[in-house]
Each structure stands twice: as C-alpha cells, then as structure tokens.
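Every number in this text was worked out from the coordinates using simple rules, so none of it is lab data. Quick caveat, the model's predicted, so the values are computed rather than measured. Cβ atoms come from the backbone with ideal geometry, glycine included; neighbour counts cover every protein chain shown.
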Ligand SMILES: Nc1ncnc2c1ncn2[C@@H]1O[C@H](COP(=O)(O)OP(=O)(O)OP(=O)(O)O)[C@@H](O)[C@H]1O
Ligand SMILES: [Mg+2]
C-alpha cells in the first residue's frame, strides 16, 4: 500500500509499439491519491493505449508502471490484483448483455472477491441508487438507454470498491441529451474524492472537475498543467492548436 | 379496382397462384404414379402390403440389446431393439462430441502455439476424411486390442480389450443412492460393470471424434463472434481467463453456436446407420434384415424414415426451444 505522499499511479518512461508503430513514447505520469486527471489530445495520439496500460489491457514494452504499490509485469496474480483495485469505464459500455443489471454488478464481487451473494446484491443496489437507476436492477442491458447503460457500467466498475477509476471517452457514444446524466455521476464521484483518470473531450467537465490536464500528441505527453493555466495560457503550440479546434470559435 | 381481362392474366397475384397450383399438381401426379407403380409391381411379385409383418416372429438374433430380446420375439420388438441402439449411440455421441468439440474449439483460440496447432491439425485431419473410413479404423484398432487377460487398464475400473470397453456401472438396486459397480477380471471374463462391444465403441468413437471436428469450428466461430469489449470488461474486473470463458464469452457465443450445432446433432443421428459397415445392430441394420426376410421393403423403409424424421424433428424442436431461452433480451 502507498503512503499519502506517494503517487497511486506511476508511469515512468513507458514505451509501447504495435508492431513497428511506436504508439507510446517515453510517457511519464504520476497521479496522487484523490487526484482527478483529464487526458485529451487528437485521435490516434495514444490516450486509450496509455490508460489501458494502467490495468494491463495493453502490455507496455519499456519503462515501468506501478499501480497502488504493485509493479505491472508478467505475474498474472499481481495483474488480477491490480485490476481489482482499478475500475474501468469504456466508450462502448461493454455491459454483459446476457446478465441482468444486478448480475452485471454482482458478478465480480461474487466470483472474484468471494463476497456472499446477499452482500454483493446489497452493495450493488446501493451503487445503483448512487447512479440513480435502482428501478432498472432486474432489466437486461439491451432494455436500457445508452445513458442508463453507461451509468450501470460506472456502477459495475465501482462494485469492487476500486482505489482508481479509469474512463475512456465515456460519453462519446452517447446521444447529446444523455451526456449530462453520465457527467453528473462522474462529477459526483470526483466530489467524493475518487482518484480518476478520464480521457474525454468534454472540456466543460474538465474545467470544472480536473486537478490536472494532460495533453497527448503522437504518443507523447506534451503538456501537463492545472485546468486554469491549461485552458487560458497553454504553453505548447500543439496544445493551443488542439484547443482552438476543439473549443471552436 | 376492376382489372381488364388482359391485366388479370398478367397480374403478379394471379401468376403467383397459377404457379403454385401447377407445382402442387405436378407433385401429386408424380406421387400418384409412384404409388400406383409400386402397388402393381408388388402384386406381380405376390407380396402383400401392410404392416402385418410386424407382429410375426422375427427369427433372427441381434448381437446387443438394451432390452431383453430373442429370435422368438416379433419384428416390432426387433425394430425397437435397433431403435434403442440408434438412440443410445446418438445420445451419448451428442454429449461426448459437444464436450470434445468445445475443448478443441477453445484450444484453437489458445494463445499457446502448440495447443493451437494441435487443435487445428485435429480439425483439418478429421473433418476431411470420410466418416466411413474412420469407422473402419476405429473398428480395426478396437478388434486388434489384446485379449481380456492382457486388457489395457488406463484408469481404475476401465478395461479396454478385444472384447470391447468395460466401464464401471451404477447399481440402483440397493435403494436410494446408486452404488458404483467396479468391473473385475476373473479368469477370462469381466465381472460387474458395463461392457460396451467393440462395434458400439467404434461407432461411438467415430461419430464423436468426427463430429467434434465440426463442432470445434462452430464453437470457435461462436467465440469469435463475441465482441472483444466483453472480454476486456471482464478482464478489467479481475476475472481470470477461465472465468471469462465460462461466465461471459460462452454464454453469449451460444446464440451463434446453437443453430449450426443443431444440424451437427442431426448429423450424428443421421450418420449412425453407417453402423451397418461394422456390424453394430442399429435401427437401419435391423430393418434391413427384416426387409430381406419379409420383402416388405416399402413398409420397412417408410417406417425407418418416419422414425428418423420423428427423431430429427424432436431434436430440432428441443434445440429451438433452448435457443429461444438463451436469446438476449433487448428493447
Ligand atoms: N491493437 C492495435 N494494433 C495496432 N495498432 C493499434 C492498436 N490499437 C491502437 N492502435 C493504433 O495506435 C494509435 C493510438 O491508438 P489509441 O486508441 O491509443 O488512440 P486514442 O488517442 O485513444 O485515439 P481516439 O481519440 O481515436 O480514441 C492509433 O494510431 C491506432 O490506430
Ligand atoms: Mg481512444
């Protein structure tokens, strides 16, 4: 376990290739407990790949990644332990369509953490309250709207009581009228002190919630700054150009 | 909307009906001609039609049976013996082929290079050699085994010799719980347990191993049809590879797997008459003997066809029902 001063996530000189393609180049990033980090950057810049390395959905080839005191290497048990401490929310929800909402939330606690089914259900219902859809517990994911599905996915990622939450463009696949309900849930989590790394282009959310903005381009972290400075006085030319495009004039 | 006479003749609705009437008329005419022709020929050869022969004494022996049978029993009983033999070998074949096919299908997707290649080799070799040849091979292997006294003894209670396969059986006579009866070799014979003849074992092995190659491909395709995001979501929750396969991927793959799996199950039943080549008394083998003795070929074949149709439709209906049950619920 980490002491408060130590970062809960540490990436040091991380390099990764897809075949000959150098997708992550000397990526170094520290995230403190309770810190809220928003990552942005152009498409293909390696944002997804970077956060997927943190729970080893992708394997890095150079450098070190340490999560909650555990270095990610070949040890399967260590990797599974890290995954239990790190929740992840995907752009495409990835709920299990053959299980009910409640079963989606109790699967990991019962099967991975060995929680008694009754207790797992109680925790799951509390989480569904928190994402404001307890009445959908008995339904199947296919019966819910996109926004509701993503809120269930957030609840599912929380069901093992993770120390860190990773979000990969959680609102990009949503109809515009549903973006707000998901961002609200995420803001709620942030307010409760959850450590979060969020890849998103929702700049309003970023400005309101982030402690740290990270800008990536072509596999490198180009700029790291608090939101006020990042949005109003970006240091890097590429950041300026990107913000100009995305915020629009 | 009164159509002019010319318009009526060229209307698609009229034409559609006309074509259907023509097809039905042609089928009826062909069927009528066949029936008439058959009846005339049977009369010329002096064969009485009808199923009366079923009650007569069969007069031939059957090498293995799940119910008591002697040559003094009726043809009907002989056919039931054959039907049971067909059903037993098909049912066990279906279960074993499903298990083996799933294992091989999963193995083909294994990250382990050697395991993957071996599974590919299995599939390619076995589904590209005619089943009949494979049956000859298994039968040859099984009958070339050593005698009972030198029987192979791979696992406790299991003996493999030229007498066939001897396995432990369950004894239900002792009350509520069955007792396991372990076979023992006494002198030249096995006492206790269940003896499966070399013919039965060869047919079962052939049907299972051949069909498993097809099922493996079906399972593989089914697994590949499950979106990668499902595995990633499960991984991110800390589930192990085995758990992900069991709890997340296979249940969803079932939707894709079941329809083609049904036709493989039907194939097992429909391939079982190849038994005749190695002398296993299945329904077709028994009915063949009956037909040779009575000359009632039309009735005998019709009966066997009706039974196979009935078996197949029942199996299809079961699988359709199961498929509906595992279908995903959506809006
Ligand atoms: N499995 C893979 N195999 C090969 N190339 C990949 C793979 N995954 C991603 N890439 C490539 O790596 C680069 C970075 O991908 P990544 O998904 O990390 O980008 P991103 O910043 O998340 O982009 P987006 O905003 O579009 O999601 C892209 O050029 C992509 O095509
Ligand atoms: Mg991405």
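The alpha-carbon positions of the range B:197-331 define a convex hull whose volume is 125 Å³ per residue.
Taken over the alpha carbons of the protein assembly as shown as equal point scatterers, the Debye sum produces base-10 log I(q)/I(0) values at 0.06, 0.08 Å⁻¹ of -0.53, -0.79.
A simple spin-label model places pseudo-atoms 7 Å from Cα toward Cβ; at residue B:29 and residue B:306 they are separated by 2.9 nm. Classify the range B:1-150 from the C-alpha gyration tensor, please: rounded if a/c falls under 1.5, else prolate or oblate depending on whether a/b exceeds b/c. Judged from the Cα gyration tensor, the range B:1-150 comes out oblate (a/c at least 1.5, b/c at or above a/b).
Over the residues of the protein assembly as shown, the helix contribution to mean residue ellipticity at 222 nm works out to -17000 deg cm²/dmol, using -39500 (n - 2.57) for each DSSP H run of at least 4.
Between residue B:322 and residue A:18, the FRET efficiency estimated from the beta carbon spacing at R0 = 56 angstrom works out to 0.85.
Taking the inverse of the mean 1/r over every pair of distinct Cα atoms in the range A:1-102 gives a Kirkwood hydrodynamic radius of 14.9 Å.
Sorting the segments A:219-227, B:313-321 by their residues' average number of neighbouring beta-carbon atoms within 10 angstrom, most packed first, yields A:219-227, B:313-321. Normalised by residue number, the volume inside the convex hull of the Cα atoms of the range B:1-64 is 210 Å³ per residue.
The eigenvalues of the Cα gyration tensor, multiplied by 5 and square-rooted, give chain B an equivalent ellipsoid with semi-axes of 41, 38, 18 Å from largest to smallest.
Build a GNM of chain B with springs between Cα atoms under 10 Å apart, and of B:46, B:157, B:101 the one that fluctuates most is B:46. In summary, the range A:53-171 shows an alpha-carbon radius of gyration equal to 1.10 times the 2.2 N^0.38 Å reference for compact globular proteins.
For chain A, the longest principal axis of the alpha carbon atoms and the long axis of helix A:146-158 meet at an angle near 90°. With neighbour counts taken as other beta-carbon atoms within 10 Å, the residues A:233, A:98 rank, fewest first, as A:233, A:98. Note on A:93-101: average number of Cβ atoms from other chains within 10 Å of each residue's Cβ is 5. Taking every Cα-Cα distance in the range A:132-212 and sorting them into 10 Å bins from zero, the calculated P(r) comes out as 16, 53, 27, 3 percent. The Stokes-Einstein estimate for the range B:33-107, based on a Kirkwood radius over Cα pairs and taken at 4 °C with 1.567 mPa s viscosity, is a diffusion coefficient of 82 µm²/s.
Computed from Cα atoms alone, the Kirkwood hydrodynamic radius reported for the range B:208-286 is 14.7 Å.
When A:36, B:246, A:85 are arranged by Cβ crowding within 10 Å, least crowded first, meaning fewest neighbours, the order is B:246, A:85, A:36. Its Cα gyration tensor gives chain A an equivalent ellipsoid. The semi-axes, each the square root of 5 times an eigenvalue, are 29, 22, 16 Å from largest down.
Placing pseudo-labels 7 Å out from each Cα toward the beta carbon at residue B:92 and residue B:153 gives an inter-label distance of 2.2 nm. Binning the C-alpha pair distances of the range A:161-249 at 5 Å intervals from 0 yields a P(r) profile of 3, 12, 23, 24, 19, 14, 5, 1, 0 %, listed from the shortest bin outward.
Build a GNM of chain B with springs between Cα atoms under 10 Å apart, and of B:163, B:108, B:241 the one that fluctuates most is B:241. Result for chain A in a Gaussian network model with C-alpha springs under 10 Å: among A:206, A:235, A:124, the largest mean-square fluctuation is at A:235. In this rough spin-label picture, where each label sits 7 Å from Cα along the Cβ direction, the residue A:161-residue B:38 distance is 7.5 nm. Among A:71, B:64, A:169, the order by Cβ neighbours within 10 angstrom, fewest to most, reads A:71, B:64, A:169.
In the range B:74-224, inverting the average of 1/r over every pair of distinct C-alpha atoms gives 17.5 Å as the Kirkwood radius. Quick check: the angle from helix A:176-191's long axis to the longest principal axis of chain A, C-alpha only, nearest 10 degrees? Approximately 90 degrees, to the nearest 10.
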